[in-house]
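The values are calculated or read from the model by the stated rules, or taken from the named source; none is laboratory data. Everything numeric in this text was worked out from a predicted model, so none of it was measured. No Cβ is skipped: glycine too gets one built from the backbone with ideal geometry, and neighbour counts run over all protein chains shown. Areas reflect the complete protein model, heavy atoms only, side chains present, ligands, DNA and RNA absent. Shrake-Rupley method; radii C 1.70, N 1.55, O 1.52, S 1.80 Å.
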Amino acid sequence: MPELPEVEAVVRTLRPLVQGRKIRCVHVLHPIATKPQDPAQVARQAQGRRIRIVDRQGKYVLLVLDRGLLTMHFRLDGQLLWFSNGQELRERANQGENGVHVDVALELDKGVLGFADRRHFGHLHLWKSVDDCPGLNALGIDALSRDFTPHCFAALLSASKRPLKDFLLDQSRVAGIGNIYSCESLWQARLDPRRRANTLKPREARRLHKAIVSVLARALECCLHPAPNFRDPEWWFEGLERFLRAYGREGRSCRRCGEPIRRMAQGGRSTYWCRRCQEWAHQRIRTDRVNTPATKKPELQKKPDFERSLARLEEVVRRLESPQLSLDDAMKLFEEGVALSRECQKQLEEAEGRVEILLKRADGKLAAEPFDPERETES
Ligand SMILES: [Zn+2]
Ligand SMILES: [Zn+2]
C-alpha cells in the first residue's frame with residue numbers, strides 16, 4: 001500500500017513528464033474509477049485543459065489545471081502508467097490476458113498518462129477547486145511539509161487521548177503516515193504504540209517528531225532509487241524492507257535489543273513493536289528507579305558536590321601511594337579516581353558556564369536562560 005514517501009516519489013517522477021502539458025482527450029475506460037462522479041462529465045471538463053502544477057497532499061496526487069484540478073488516490077494497489085501515444089494505449093490497454101489494466105487515460109499533447117487499479121479501490125476525480133474536494137479538506141498537516149514542526153506536532157499530541165498508533169494513522173491530524181511508517185517511527189522513538197498521545201512528555205514528543213521525519217526521509221530516498229517506472233505495469237518499489245526495523249518482522253530479533261518483534265492487533269490493523277524497547281510500563285519502572293531519590297539513595301550520593309568529590313579524590317591518591325596496596329585494590333581505586341576527576345572537571349565547567357551567564361546578564365545585553373548542561377546532550 002503506497003504511503004506518503006511512495007506517493008511523493010511518484011509525484012516527483014511524474015512532474016517533469018506532465019507539468020505544462022495539455023490534456024487533449026480523457027478516456028474513462030472503467031467508469032468505476034471516477035465514481036460517484038459522472039465519467040462523461042469528468043472527461044468533458046478536463047479536456048483541453050493544461051496541467052499547471054503537479055503536487056501532493058497527504059496520499060493524494062494533484063494535477064492542478066488551468067481551470068479546476070484532478071485528484072488521484074491509489075488506495076491499496078493503484079498505480080500510474082505511461083504510454084508513448086494514443087496508438088500504444090489502444091493496443092495495450094485492457095486487451096485480454098496480456099493487456100495492461102487501465103481505468104482512466106489522459107491523452108496529452110505528448111504521451112499518455114494512465115491511472116489503474118485492478119481492485120478498483122483507487123479513484124480519479126475532477127474538482128472546481130481544492131475547497132470542493134472533501135478528502136483534501138479533511139487532511140491534517142502533511143508529514144513531509146515544512147509546517148510539520150516539533151511545536152505543532154506536540155500541540156496535536158497534547159489534544160488527543162487516542163493511543164499513539166491510532167493517532168498517527170489519523171489523516172486529519174498528520175497526513176500521510178500509514179501502518180508501515182507509524183510502526184517504524186514508534187520503534188525508532190522507543191514509544192509504546194498503546195500509550196495515549198496526551199501523556200507524552202515534551203522530550204518524548206520531540207523524539208517522536210524526529211523519528212517520523214527521519215523514517216520518512218529514509219523511505220523517500222529509497223523510493224527514489226530507483227525511481228518509479230510508469231512504463232512497466234509490474235513495477236513496484238523495491239528494497240524498502242531493507243530498512244524496516246519493526247514492520248513485518250514478527251518473531252525476528254529487534255535490531256536494538258535482540259528481543260523478538262511482536263505483532264498485536266490495534267484498531268483492526270497489525271502493529272509491530274518491540275516490547276522490551278517500547279513498553280511504557282517497563283520504561284516507567286526504569287526511569288522511576290533513577291528519578292526517585294526518596295528511597296535509599298540520597299541526592300547527595302548520586303550527585304556528589306565538588307568539595308566532597310575533591311576530598312575523596314585526594315584520599316584516593318593518598319591510598320594509591322601506599323606500598324601495602326594489592327594490585328586488585330589499586331585498580332579499583334584508580335578507576336574511582338578517574339571517575340572522580342571527571343566529575344570534578346564537569347562540575348568546574350558547569351560552574352564556569354554559570355559565571356559566564358551571570359556576567360552576560362550583568363552586562364545587560366542578554367537575557368540569559370539558566371545554564372542546563374543536560375539540555376545540550378539530550379537528543
Ligand atoms: Zn479497471
Ligand atoms: Zn528491542
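Before moving on, here are some points about what is shown:
- Long-range amide H partners of Leu65 with built H, under 5 Å: Arg52, Leu70
- A 1.4 Å probe run over the protein chains yields, for the chain, 57 Å² of accessible area per residue, whole-number rounding.
- Accessible surface of the range 4-137, 1.4 Å probe: 46 percent of it comes from carbon and sulfur atoms.
- 0 to 90° range, to nearest 10: angle between helix 280-291 axis and the chain longest Cα axis: 30
- Against the main long axis of the alpha-carbon atoms of the chain, helix 202-224 sits at an angle near 40°.
- Residue-averaged 222 nm ellipticity for the chain, from DSSP H runs of 4+ at -39500 (n - 2.57), nearest 500: -13000 deg cm²/dmol
- With 0.36 nm allotted per residue and the present C-alpha distance subtracted, the Ala265-Ala227 stretch has 10.4 nm of extension available.
- With Cα atoms, 0 to 90° folded angle of helix 327-363 axis to the chain main axis: 70
- Net charge of neighbours whose Cβ lies under 11 Å from the Cβ of Leu108, counting Lys and Arg as +1 and Asp and Glu as -1: +4
- Placing pseudo-labels 7 Å out from each Cα toward the beta carbon at Asp147 and Arg12 gives an inter-label distance of 2.2 nm.
- Choice from Ala339, Ala154, Ala281 showing the highest fluctuation, given a GNM over the chain with Cα pairs closer than 10 Å: Ala339
- Segment Arg256-Arg276, extension gain: residue separation times 0.36 nm, minus the distance between their alpha carbons: 6.2 nm
- When the Cα gyration tensor is reduced to axis lengths a ≥ b ≥ c, the ratio a/c stays below 1.5 for the range 1-99, which is therefore classed as rounded.
- Here r is the Cβ-Cβ distance between Ala138 and Lys110 and R0 is 45 Å; the resulting FRET efficiency, rounded to 0.05, is 0.80.
- Bridges between two residues of the chain, per DSSP, are antiparallel at a rate of about 95%.
- Pairwise centroid distance, computed over Cα atoms, of the range 80-120 with the range 1-74, Å: 14
- Counting charges near Leu240 (Lys, Arg +1; Asp, Glu -1) among other residues having Cβ under 13 Å from its Cβ returns a value of -2.
- Length released on extending from Glu307 to Ser322, taking residue separation times 0.36 nm less the Cα-Cα span: 3.1 nm
- Protein-only accessible surface at a 1.4 angstrom probe places the residues Glu250, Glu8 in the order Glu250, Glu8, largest first.
- Within the range 200-261, trypsin sites (Lys or Arg not before Pro) in DSSP loop having at most 10 other beta-carbon neighbours inside 10 Å: Arg231
- Checked against a 21 Å cut-off, the cross-linked pairs Lys165/Lys201; Lys165/Lys210; Lys22/Lys128; Lys59/Lys161; Lys59/Lys165 give Cα-Cα distances beyond that limit for Lys59/Lys161.
- Backbone N within the range 172-206 under 13 Å of label point (7 Å from Ser160 Cα along the Cβ vector): 172-179, 182-183, 186, 193-200
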